[in-house]
1. Between residue 43 and residue 69, 0.36 nm times their residue separation minus their Cα-Cα distance comes to what?
2. Using only the Cα atoms of segment 8-99, what are the Rg and Dmax in Å?
3. Starting from 0.36 nm per residue, how many nanometres of slack lie between residue 100 and residue 27 once their C-alpha separation is accounted for?
4. Using a 7 Å offset from the Cα along the Cα-to-Cβ direction at both residue 51 and residue 81, what is the distance between the two label points in nm, to one decimal?
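Just so you know, all these numbers are worked out from the coordinates, no wet-lab data involved. Being a predicted model, the structure only gives us computed values, none of them experimental. Backbone-built Cβ (ideal geometry, glycine too); neighbour counts: all protein chains shown.
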Amino acid sequence: MQKHPIDPKRLRRVPAQFSWIDHRLIRQRRLRGVEPCGWALYLFLLSVGDEQGLSYYSDTSICQHLGIALHELRRARGGLLGADLIAWQVPLYQVLDLAEPAAELESVLPLSEATPPTGHAAKAPAAASGPQSIAELLQGGAR
């Protein structure tokens, strides 16, 4: 399959801190309102994407990797599309470069003061008897 960026103007670049996970996600509250499955999907797409942020995994494969149901994937994808973090055109995903924030997102948090979105407070991990899915880890549950 020949891959072409869905949005060539928004190719991701390695941020100044030399990490694909951009600190602006937290500092500018870019994931506020995105459910835990959306965070897991975003991390998955960051991990599997090429240098342009492109990947093409099927819904079935993503659900298996993340340990989530199809309806959860659809909701997670919708949240990331709504947050303008990804572009999606079957079967291709593109992790987008973080555009300049809208006026309401311009308040910047120091990293030490960044907190999870309301309703998504970190829970102490439960004792795990075996491997956990990313979704379970984000929800603080164990198998």
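1. Length gained, residue 43 through residue 69: 7.7 nm.
2. Final numbers for Rg and Dmax: 12.4, 36 Å.
3. 25.0 nm
4. Taking the two extended label points, one gets 3.0 nm.
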